[in-house]
Structures are given as structure tokens and as C-alpha cells.
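Read the structure below first, then the notes.
The values are calculated or read from the model by the stated rules, or taken from the named source; none is laboratory data. All values derive from a computational prediction rather than experimental measurement. Positions of Cβ are generated from backbone atoms using ideal geometry, with glycine treated the same way; all protein chains shown enter the neighbour counts.
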Protein chains: 2
Amino acid sequence: MSDDNSPEVSNTPGQGSAPQRRRGIGRRGFLTGAGLAGAGLVVGAAAGGATGYVVGNDDTTDAGAATEPFYGDHQSGIVTPQQNSMVFAAFDVNDSVITSQLQTMLARWAAAASLLTVGKPVGPVETQPGSPPADTGEAFDLGPHRLTVTVGFGESLFDDRFGLADKKPAALAPLGQLAVDSSIDPTISGGDLCIQACSEDPQVAFHAVRNLARIGRGVVTLRWLQEGFGRASATSTSQVTPRNLMGFKDGTANIKAEDPDIADKWVWVGDESDQEWMKGGSYLVARKIRMHIEAWDSDDIVDQEAIFGRSKDSGAPLSGGSEFTALNFTKKGPDGKPLVERFSHVHLAHPDTNGGVQILRRGYNYTDGIDTRTGTLDAGLFFIAYQKNAHEQFVRIQNNLAQDRLNEYIAPISSSLFAVPPGLTAVGDWYGKTMFGYVA
Amino acid sequence: MSDDNSPEVSNTPGQGSAPQRRRGIGRRGFLTGAGLAGAGLVVGAAAGGATGYVVGNDDTTDAGAATEPFYGDHQSGIVTPQQNSMVFAAFDVNDSVITSQLQTMLARWAAAASLLTVGKPVGPVETQPGSPPADTGEAFDLGPHRLTVTVGFGESLFDDRFGLADKKPAALAPLGQLAVDSSIDPTISGGDLCIQACSEDPQVAFHAVRNLARIGRGVVTLRWLQEGFGRASATSTSQVTPRNLMGFKDGTANIKAEDPDIADKWVWVGDESDQEWMKGGSYLVARKIRMHIEAWDSDDIVDQEAIFGRSKDSGAPLSGGSEFTALNFTKKGPDGKPLVERFSHVHLAHPDTNGGVQILRRGYNYTDGIDTRTGTLDAGLFFIAYQKNAHEQFVRIQNNLAQDRLNEYIAPISSSLFAVPPGLTAVGDWYGKTMFGYVA
């Protein structure tokens with residue numbers, strides 16, 4: 001264990017374990033990648049520490065150099081104030097992959113993410129002749145721009161392939177088909193694993209997912225991928241509330257999750273969990289919500305505002321005040337009807353009509369070009385929510401929203417649930433380490 | 001002409017002209033949009049001047065408030081230092097649209113672009129009851145973030161529909177099928193009109209194209225749309241050379257077009273033009289170039305560098321020196337062969353092997369998610385080049401690049417040529433005004 005200086009080896013699970021030996025993958029084999037398809041790709045560098053190679057012209061602007069924590073009680077990218085760009089990827093584990101290969105890949109993802117999030121490549125761009133570059137290079141001159149990498153596990157991972165059947169949390173049961181889910185496309189839903197990469201720079205987020213996908217080659221295959229932009233949901237008291245592509249402020253009443261008490265109450269899995277390994281983690285719901293933009297754009301302003309329950313320009317409740325004034329659901333207008341309608345989005349989504357339940361939204365706007373059948377824009381919201389228990393939180397609210405008049409203008413086209421394990425404690429920890437039965 | 005305060009009317013061509021009267025579109029009809037499908041959408045505001053309505057919480061950060069010129073000899077978005085985000089849209093004019101309707105839309109685009117590029121909505125978000133919002137609102141709190149809107153005309157516009165047959169520049173002849181063009185998809189190529197919107201903020205660029213598309217509803221239909229990110233090509237001596245998704249610096253030898261002599265020589269149409277209206281304009285070539293990323297990523301570093309002719313990390317020529325050292329095509333290595341190979345990208349693209357010809361590249365990286373057939377990333381370069389004459393410049397270089405070894409790893413999947421008219425001179429000017437025979 002000491003014939004080179006690469007602490008990354010300490011991230012390797014099951015070192016010299018029976019399955020690895022059986023397939024002839026010794027330690028040296030792991031380091032050179034010889035035991036994995038995509039051989040030649042090496043994470044031959046310290047996780048978060050000194051690297052054995054020279055890093056290029058780092059982006060030393062304040063914005064480019066800014067980082068988010070990598071190690072800690074929780075993964076970053078959840079209560080982290082939202083960055084401007086997102087790339088979200090889901091993967092399926094390939095047929096015939098054995099447990100130790102999956103574990104090794106998750107360890108390599110951890111090592112790579114620890115480097116990427118401090119703006120370092122996952123390995124040398126200039127390798128020895130005969131090898132491809134270890135890092136693909138497109139972020140070589142860019143700082144991390146607050147990159148976060150957040151990894152989750154889908155329900156399908158907990159079948160009989162990897163010995164995880166008795167590790168599946170009850171809260172990871174499939175969401176099922178909700179009332180509004182008549183248009184869900186299974187090919188862009190679910191997956192064994194997911195990665196959410198967020199950064200202020202889209203090239204940095206793309207680079208992270210691309211290089212993690214590359215590290216996973218032979219072990220996992222991309223199932224679907226979604227890019228997002230904008231800031232569809234403020235996650236911090238210090239951020240201006242961003243707007244969704246319907247033009248409304250989205251997130252005025254979102255959880256301000258930098259308050260640890262609020263995050264503990266709604267976001268982080270705690271002692272209620274049936275699975276010890278998920279404590280400190282969170283459940284991620286991802287739903288791609290197509291907007292019927294042209295229909296929306298021709299709707300009357302009065303109707304648009306009635307549907308949301310807020311003023312379009314200021315975000316103020318129709319019951320009066322300014323953006324952050326509390327909603328008043330009983331205040332009536334001259335016609336005797338509530339100013340904020342019963343079937344308005346803000347009313348149906350409000351904690352008061354959902355037994356006090358809240359979720360942390362962290363979605364992004366998306367556009368996929370045009371719908372060639374109609375020549376209209378194909379765009380909407382890639383909704384992401386984090387919570388302690390999606391069945392008790394997201395599903396409850398979403399069921400209430402089945403009556404939302406907004407449903408006339410939107411259609412969820414994908415739906416996914418992932419268990420996001422807690423943060424990595426230090427160099428040597430990796431995604432799922434305790435889930436697989438190793439000591440953290 | 002004086003019964004309201006909307007200077008936008010001065011942008012309206014053919015006011016009260018016969019075709020408009022024939023179809024019952026009077027001036028009032030234009031102002032209220034009643035004569036157009038998508039009625040109710042009004043650009044009821046001053047072009048670049050005072051607006052009749054309140055603008056929301058402007059983004060007053062330095063970065064958000066930064067603007068590029070709108071009026072001038074040339075359209076912005078060409079020699080403008082490249083912004084981080086792009087949305088490029090191509091449109092076809094609908095059947096049965098008459099010339100004055102097209103002219104009116106182009107005038108409304110001009111008025112709207114003059115507002116968008118200074119960070120204003122194209123009209124009120126809060127309209128009167130009974131009308132949809134004039135602006136869709138998603139950029140309401142954002143500054144322009146250096147937004148540029150660049151409009152071009154495709155060859156198909158110059159048929160017999162709009163009386164433009166004798167206005168077609170010879171230089172707008174179709175590019176035809178080039179040597180590498182075996183995979184061009186016509187549904188994502190060409191179009192009667194194009195809009196290139198670039199901004200540091202992707203939501204601002206998207207908002208611009210969306211609202212211009214909305215203004216055009218009933219007159220034009222989206223043909224294709226492409227988003228891009230990153231900075232695939234430096235257009236300024238002050239910008240760090242960005243990297244393409246092959247991880248190489250792209251644009252080291254690009255024209256530094258802020259030098260007006262260089263721009264006059266290579267970019268701006270001059271007295272050589274057979275069409276007076278194109279003087280001060282430029283020709284835009286747009287080519288979507290899919291990269292076979294997985295194949296590239298498994299190629300040896302030595303081969304990758306030989307293909308490009310440069311070092312991957314530093315961008316230095318393989319003939320020695322640092323990034324901006326001149327290429328030396330005769331210098332030989334110990335094996336007696338040129339250090340920069342004859343069929344390397346830098347050699348084949350170099351002015352010395354193209355009769356001195358140059359182009360201004362201004363492309364963006366793109367990703368369209370995954371190729372579901374293979375589970376591999378669908379990504380590449382949305383190549384954009386501006387030049388005085390694409391047949392003499394782009395085509396010449398591209399024909400030389402037919403021998404490029406890089407072609408093993410890339411495939412152009414769309415190809416378009418647009419004539420980009422000169423800049424708008426002042427309020428009252430509009431895209432194509434002189435082309436249609438009006439006095440500027």
C-alpha cells in the first residue's frame with residue numbers, strides 16, 4: 001500500500017478481495033485501469049490534496065476560483081445556494097458487472113469529484129505516449145466556479161445484483177404514477193445511479209459529468225442526461241428569487257435551507273430512517289415538466305396571475321403586500337371571492353394546505369430546441385426537490401397539486417426518485433461505502 | 001401618426017400601404033397586433049429610449065448591466081467579444097404571408113431587439129385585463145448581460161415570394177455539399193431567417209429568441225434551434241483562448257476582430273458586393289459538428305496532438321514555443337518528418353495553405369444529451385464563422401480540411417449560410433429596410 005504516493009488508493013474498496021483477485025485485478029491493475037473497460041483512464045492523483053502533475057492556467061478570477069465544500073456531513077449541491085448551470089445524468093449498471101467493479105467505480109467517482117470540485121482535472125491531460133489523456137481537458141483553464149457533484153442511487157440498484165436487497169430504504173419505494181403522470185417517458189426516468197453536477201459555468205458542469213461517465217465506462221452506461229440553466233428556485237435568503245419560463249418568480253416561499261434547523265427538519269434523513277447508511281442523506285425527486293409555452297403565452301394576464309396567485313412582475317400575493325408578504329387565503333375581493341383562489345398554485349402548494357409539509361426545491365429551466373411536430377419551443381422546468389421522505393413530502397404536495405389549474409399548461413414527462421447518501425467524511429470515503437458494509 | 005407616444009411606429013414599413021389596407025391591417029391594427037396571428041402581443045415601447053411602463057428590479061450588478069451597442073455600422077454579435085451563452089434560431093416564413101407582413105415583423109424585431117439589448121422587456125409584463133403579457137417575463141429581473149441579437153437572411157428568402165429575387169447577393173449561393181458533408185440533416189439546416197442571440201446569461205439569450213419568435217407568430221415558424229455554451233473561439237486579444245469539447249484550445253490563431261482593418265479585410269462586406277444593401281454586413285456560416293466523443297477520448301495523447309498540431313495542455317505548436325508562437329511547418333523532428341504534420345488541423349486550416357484567406361470564428365460548444373442508440377454523449381461544436389464571402393473564405397478552407405485527420409472524429413450534421421445585413425442606423429431603421437427598397 002505504499003509503493004506510490006497516491007492517496008486515491010485508500011478510496012479503493014475490497015482491495016485484493018476475492019472477486020477482484022478472481023478476475024486478476026490486483027492493486028496495480030486498479031491504478032492503471034487495466035481491470036476496467038476503458039483502460040488507460042487513471043485517477044492517479046490525490047483526492048483533494050497535492051497532485052502528481054501540473055495543473056494548467058487556473059482560472060484565478062474570484063468567480064472562477066470559488067469552491068463549495070466537498071467533504072462533510074452532507075453532500076454539496078443540496079442546500080448549496082443554487083449555481084447557474086446544471087447537468088444531470090442517470091446511469092444504469094451494465095450487465096455482468098460484479099459488485100467490486102461497481103464499488104471501484106464509485107470510489108473512483110469520489111476521488112475524481114474531490115479533484116473536479118477544486119478545479120483540478122481528474123488526471124493528467126498530458127499523459128505518456130500510448131495513453132489517451134486521463135482528463136478530457138475542456139475545463140483545463142477554468143476554475144471550479146462553485147462546482148458541486150451530487151451522487152444518488154435509484155431503486156433499481158437494490159435488486160439482487162449487488163447484494164443490496166436488504167439495504168433498500170423503505171422511502172425509496174417507487175413514486176408510482178401520480179394523478180398528473182399520463183405522459184411520463186420511462187426512457188428519461190429513473191436509473192441505477194444519478195449525478196447532479198452544478199456550476200456557475202456550464203462547461204465545468206458538462207466536463208464533470210463527461211469525465212465521470214468516462215471513468216464509469218464498461219461499468220455503467222448513460223441512461224439519460226438533462227442540462228438546465230437559470231435559477232429556477234432560490235435556496236438562500238441572499239439570492240434574488242429567480243423566474244421560471246412562465247415568467248413568474250419561482251421559489252419565493254421555498255425553504256431557506258442554509259438554516260440548519262430547517263434543513264434538519266425537512267431535508268436531511270435522520271433517526272427515522274430504516275437504513276443507517278442513509279442518515280445525513282436526502283431523497284431527490286427529479287421531474288422534467290414540459291411547458292406548453294405557446295398556450296401559456298396567449299393566456300390573459302389576469303388568468304395567469306389567478307393561476308399562480310401572485311402578481312407576475314412583483315411576485316406579490318394577490319391578497320396584497322410585496323413579494324415576501326405572507327399569503328392571505330381568506331381575504332376576499334369586492335366580488336366576495338378569495339383574492340388568492342382555492343385552486344391557485346400557491347394555495348395548493350402551501351404548507352397550510354399540506355399538513356405543514358415542505359420540500360427544498362432546486363430546479364432548473366431547460367430548453368431542448370423545438371418540437372419539430374409543431375415548430376414550437378420545447379422548454380420547461382427540470383424540477384428537482386430534496387427532502388427527508390419523498391412519499392410524505394413531495395407526493396403529498398403533488399397530489400394536492402393535481403387540482404392545480406396550472407396543469408392545463410404543463411405536463412410532467414419524466415419522473416425519478418434517488419436516494420442521495422450522506423457526505424463523504426474524508427479522503428478514503430466513497431459513495432455508498434457504508435451501504436456496502438464497509439466502515440466509513 | 002401622432003395619436004400615441006410609441007416611437008416604435010416609426011419602425012413600421014409600408015404604413016397604410018396597399019397590401020395592408022387590402023387585408024384590413026391599418027396602423028391601429030399593427031399597434032394592437034390585431035392584424036397578426038398571436039394578437040395581443042404589442043411592442044408598444046420606445047426603441048432604445050424611454051419606455052411607457054415601469055421596468056422591474058433591474059439587475060444592477062456590473063456584469064448584469066453590461067451592454068453591447070445596438071445601433072451602428074454593423075450588427076453586434078459578430079466582432080463583439082464572445083459571450084458565454086448562445087441561442088441560435090432559424091425560421092421559415094409561413095405560407096400566404098405577404099411582403100408587408102414580413103416587413104412589419106422585421107420592424108417589430110428591430111424595435112424589440114433595441115429594448116432587449118438594454119435589458120428592457122419587449123412590452124409590459126403587467127398588461128390590461130384581457131391581454132396576455134406583452135413580454136414573457138423570465139428575464140424581467142435580469143440585466144442584458146451583454147446581450148446581442150444578430151439577424152440574417154437565408155437564400156430561400158430571395159425567391160419570388162417577397163419581391164427579393166433581384167436582391168439576392170451572388171455570395172448567398174448555397175454552399176452545396178462539401179467533401180465532408182455526407183451526414184447533413186436538412187431539417188436542422190438553412191431557413192428563411194436566422195437569429196443569433198448571445199449573452200453571458202443563458203436565460204437572457206433564451207428570453208430574447210422566445211420573445212422574437214412570439215412577435216413573429218403567424219408570420220414565421222421556428223425551423224430549428226440550437227443552444228450553445230462555453231467560448232469555443234476567442235474573438236478578442238483580451239480573452240483567454242477557450243477550449244472545445246475535444247479539450248484543445250480553439251481560436252489561438254483566430255482573427256482578432258477588434259482591429260477594424262482586419263475586420264474590414266475579412267469580415268465586413270465592402271464595395272466588392274453586387275448588392276448595395278449588404279455593404280457593412282457579413283456572411284454567416286453555421287455548421288453543427290457532432291464529435292465522436294468516446295472514440296476521441298480513447299485516442300492516444302500523441303495522436304491527438306499530432307492531429308491538431310499543438311500541445312493539448314498549453315496549446316503550443318508541436319514545432320515549439322508557447323501558445324502564440326508562430327507555427328513552423330518546415331521544422332523537422334529527429335525522424336526527419338515535420339513536427340507539425342502536413343495533414344494536421346493547424347496546417348490545413350492555416351492561411352499559408354489557403355492563399356492567405358481567413359475567417360472569423362465565433363462558435364459554441366453544445367450538448368444535446370445522449371445518443372439513445374449508443375448511450376454516448378451527443379455533443380460537439382456549433383461552428384459559426386463570419387466573413388466577407390463564404391465561398392471564397394470558409395469553403396476554401398473547408399475544402400482543404402477535407403484531408404484533415406480530425407474528420408475521423410467529427411461529422412458535420414447541419415450546414416447553413418445566411419446574409420447578415422449591416423447594423424441598424426437609428427430608431428426607425430429595421431432589418432432589411434434598404435434591401436426592400438426603403439431609404440435607410
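Things worth noting here:
Here's the yes/no breakdown for (1) within 14 Å of chain B (Cβ to nearest Cβ); (2) over 23 Å from the mean Cα position of the chain (by Cα); (3) part of a loop (DSSP other than H, G, I, E, B):
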position	(1), (2), (3)
A:MET105	no, no, no
A:ALA113	no, no, no
A:VAL118	no, no, yes
A:VAL122	yes, no, yes
A:PRO133	yes, yes, yes
A:GLY137	yes, yes, yes
A:ASP141	yes, yes, yes
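- Inside segment B:61-91, residues that are of a type in the set (Gly, Ala, Ser), surrounded by 24 or more Cβ atoms within 10 Å (Cβ to Cβ) and in contact with a Lys or Arg (Cβ under 7 Å, 6 or more places away or on another chain) make up a count of 1.
- One residue alone among B:THR425, B:THR367, B:THR353, B:THR376 is β-branched (Val, Ile, Thr), farther than 24 Å from B:ARG223 by Cβ and within 14 Å of chain A (Cβ to nearest Cβ), and that residue is B:THR376.
- Restricting A:LYS332, A:LYS337 to those that are surrounded by fewer than 22 Cβ atoms within 10 Å (Cβ to Cβ), among the basic types (Lys, Arg) and in contact with a Leu (Cβ under 7 Å, 6 or more places away or on another chain) reduces the list to A:LYS332.
- Per this entry, A:SER322 is not counted among residues that are of a type in the set (S, T, N, Q) and within 30 Å of the chain's Cα centre (by Cα).
- Here B:ALA232 does not qualify as within 15 Å of the chain's Cα centre (by Cα) and either surrounded by fewer than 24 Cβ atoms within 10 Å (Cβ to Cβ) or modelled with pLDDT of 95 or more (or both).
- Where a residue in segment A:205-229 is closer than 19 Å to A:VAL97 by Cβ and its partner, wherever it lies, is surrounded by fewer than 23 Cβ atoms within 10 Å (Cβ to Cβ) and of a type in the set (Asp, Glu), with Cβ under 6 Å and at least six apart: A:THR221/A:ASP92; A:ARG223/A:ASP92
- Among all residues of segment A:204-215, there is none that is touching a strand residue (DSSP E or B) at 6+ places or on another chain (Cβ under 8 Å) and more than 21 Å from A:VAL125 (Cα to Cα).
- In segment B:143-154, the qualifying residues are those that are of a type in the set (Gly, Ala, Ser) and in contact with an Asp or Glu (Cβ under 8 Å, 6 or more places away or on another chain), and the one that is farthest from the other protein chains (Cβ to nearest Cβ) is B:GLY154.
- Of the residues making up segment A:95-102, at least one is of a type outside the set (S, T, N, Q), buried (at least 24 other Cβ atoms within 10 Å of the Cβ), in a helix (DSSP H, G or I) and more than 9 Å from chain B (Cβ to nearest Cβ).
- Here is the figure for segment B:358-386: residues that are acidic (Asp, Glu) and either in contact (Cβ under 8 Å) with a residue 60 or more places away in the chain or buried (at least 24 other Cβ atoms within 10 Å of the Cβ) (or both) total 1.
- Residue in segment A:257-271 that is over 19 Å from A:GLY72 (Cα atoms) and surrounded by 15 or more Cβ atoms within 10 Å (Cβ to Cβ) present: no
- Taken over segment A:269-310, the criterion of being within 14 Å of chain B (Cβ to nearest Cβ) and over 21 Å from A:ASP378 (Cα atoms) is satisfied by A:ASP300, A:ILE301, A:VAL302, A:ASP303, A:GLU305, A:ALA306, A:ILE307, A:PHE308, A:ARG310.
- Test: residue in segment A:201-221 that is within 14 Å of another protein chain (Cβ to nearest Cβ), on the phi < 0 side of the Ramachandran plot, part of a strand (DSSP E or B) and surrounded by fewer than 23 Cβ atoms within 10 Å (Cβ to Cβ): yes
- Subset of segment B:155-195 [part of a loop (DSSP other than H, G, I, E, B), within 14 Å of chain A (Cβ to nearest Cβ) and buried (at least 21 other Cβ atoms within 10 Å of the Cβ)]: B:SER189, B:GLY191, B:ASP192
- Residues of segment B:390-408 classified as surrounded by fewer than 20 Cβ atoms within 10 Å (Cβ to Cβ) and part of a loop (DSSP other than H, G, I, E, B), total: 2
- Any chance A:VAL346 is in contact (Cβ under 8 Å) with a residue 40 or more places away in the chain, touching a helix residue (DSSP H, G or I) at 6+ places or on another chain (Cβ under 9 Å), outside any loop (DSSP other than H, G, I, E, B) and more than 30 Å from B:LEU222 (Cα to Cα): yes
- Any chance B:VAL151 is more than 30 Å from B:TYR409 (Cα to Cα), of a type in the set (A, V, I, L, M), at pLDDT below 95 and surrounded by 20 or more Cβ atoms within 10 Å (Cβ to Cβ): no
- In segment B:372-397, of all residues being within 22 Å of B:LEU225 (Cα to Cα) and in contact with a Ser or Thr (Cβ under 6 Å, 6 or more places away or on another chain), the one that is modelled with the highest pLDDT corresponds to B:TYR386.
- Helices (runs of 4 or more DSSP H) fully within segment B:228-338 counting 1 or more residues that are under 30 Å from A:GLN128 (Cβ atoms) and in contact with a helix residue (DSSP H, G or I) (Cβ under 7 Å, 6 or more places away or on another chain): B:293-297, B:301-308
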